[in-house]
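> Sharing a structure here in structure tokens format.
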Amino acid sequence: EEQLVAIADVARAFEGTERTVYSDIKKLNELLKNAGHPTLELQKGIIRYPVVLDVAFHSLLDMEEFSLTNPWIRRLRLLRRMLTMPEPFSLDNLAEEIQLSRNTLLRDLQSIREELSLNHITLHSRSFIGFTIEGDESAIRALLVSVITEDTLFREYDPQHDAFMIKAERFLMDLMADVRVEISQYSFERLLHHVWVVKERLTLNKTVEPDEYLPQHTKEELVFLEKGPTLEQLMGVPLETSEILYLAQKFSEASVVRYDALLSEKWVPFSLVVSRLIERVADKMKMPMLQQDDQLFTGLLNHLRPAYQRATVQETIENPLYDYVVSEHGGLLQAVEEALVPLK
């Protein structure tokens, strides 16, 4: 008989958050889909599985088969290796990393070349020398972060990566306590990916331009600079100030769940914008009580500052609840979109 389970119940049972459960379901669905099984279905916070699964879970965890038989994941992992290995590199170098035929590699490289081009990055090929990658370092890092964020089983695939991530998690948790903020689960994972990407690119002596990240004198910058020696120890290499400021900016772009020190550099204009937004939505939805909801006001205020930071550098993030919100709260979504027009 089919069992229906609430996301909230799963989160409580495993002492996690609902957002984490959504993330884990996304990973599980990738494995189920790759093995030819139906995926978990989500509707209004309820998980349902349409059939009885007659396969042991551990049999789904063949990482090598998963990366080779799933073209999308295979190309993500191939691109990740290309962006984190010394240049120039050859087809043989890539074949050592992912056991593929030469023809499959060449087909995948054509798709990857197009993906790089879309991000204003060029893959050069020189006879008897190999491949090199050319582009703005910030653009390359942004693409690399997107690649490992989309690879839902990135950490499970390589225990070495996970060992570093555990250390990086502790560093970021300490840093959040010092800045007195709590960021969303998705933003925390993405920030972890930024830290990993900086480490990998610095290993190749690939650095951001010194004048690209200049001090903005934010609280995040001050704390990052203060923790510079700890960050250098984590990375295993000396860090230029521009690299520390780069990570501080990525932290300031993270979606905040709670901000204990709300008096940020744009607190007054952000407060006015949030008040006007709530007022317009309350009017459109005929829900005047929204204007008395202090928790709503604080939550939106916490969200607006990092959203503004992301917009200024054209940084995009994915919301794992996006499809759910669109399907279940279409009326509210339309009201918010209309209310935002004069504020943009």
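> Kirkwood hydrodynamic radius (Cα pairs, Å) of region 118-240?
Values: mean 1/r = 0.0618 Å⁻¹.
By the Kirkwood definition, the hydrodynamic radius is 16.2 Å.
> A follow-up question, please. Just reorder TYR49, TYR322, TYR308 by solvent-accessible area, largest first, 1.4 Å probe, all chains present.
Numbers: TYR49 35, TYR322 145, TYR308 95 Å².
Of TYR49, TYR322, TYR308, the descending order of accessible area is TYR322, TYR308, TYR49.
> State the percentage of accessible surface on region 67-177 attributable to carbon and sulfur atoms; use a 1.4 Å probe and exclude ligands, DNA and RNA.
50
> Ignoring ligands and nucleic acids, what accessible area does LYS284 show with a 1.4 Å probe (Å², nearest 10)?
90
> So how do ARG102, ARG310, ARG141 rank on accessible area, 1.4 Å probe, biggest first, that is with the largest at the start?
On the way: ARG102 150, ARG310 20, ARG141 0 Å².
From most accessible down to least: ARG102, ARG310, ARG141.
> Can you pull out the GluC sites (Glu not before Pro) in region 214-252 that DSSP calls coil and that have at most 14 other Cβ atoms within 10 Å? List each step's numbers first, then the result.
On the way: sites: GLU220, GLU221, GLU226, GLU232, GLU240, GLU243; in loops: GLU240.
Within region 214-252, the qualifying GluC sites (Glu not before Pro) (loop, at most 14 other Cβ atoms within 10 Å) are GLU240.
> A further question follows. What GluC sites (Glu not before Pro) does region 272-344 have in DSSP loop regions with at most 11 other beta carbons within 10 Å?
Numbers: sites: GLU279, GLU315, GLU318, GLU328, GLU337, GLU338; in loops: GLU315, GLU318.
Of the GluC sites (Glu not before Pro), the ones in loops of region 272-344 whose Cβ has at most 11 other Cβ atoms within 10 Å are GLU318.
> While we're on this one: Given a 1.4 Å probe, how much area per residue of region 87-165 is accessible, in Å²?
On the way: 4150 Å² over 79 residues.
Accessible area per residue: 53 Å².
> Related question: First measure r as the distance between the Cβ atoms of ARG12 and ARG48, then evaluate 1/(1 + (r/R0)^6) with R0 = 25 Å and state the FRET efficiency to the nearest 0.05. Please report the intermediate quantities before stating the final value.
Working: r = 19 Å, r/R0 = 0.74.
FRET efficiency, ARG12 to ARG48: 0.85.
> Relative to the present Cα-Cα distance, how much length would full extension add between SER101 and GLU41 at 0.36 nm per residue of separation?
Details: separation 60, 0.36 × 60 = 21.60 nm, distance 3.56 nm.
Length gained between SER101 and GLU41: 18.0 nm.
The values are calculated or read from the model by the stated rules, or taken from the named source; none is laboratory data. Since the model is a prediction, treat every value here as computed from it, not as a measurement. Glycine gets a Cβ as well: all are built from the backbone with ideal geometry, and neighbour counts include every protein chain shown. With ligands, DNA and RNA removed, areas are computed over all heavy atoms of the protein, side chains included. Shrake-Rupley method; radii C 1.70, N 1.55, O 1.52, S 1.80 Å.
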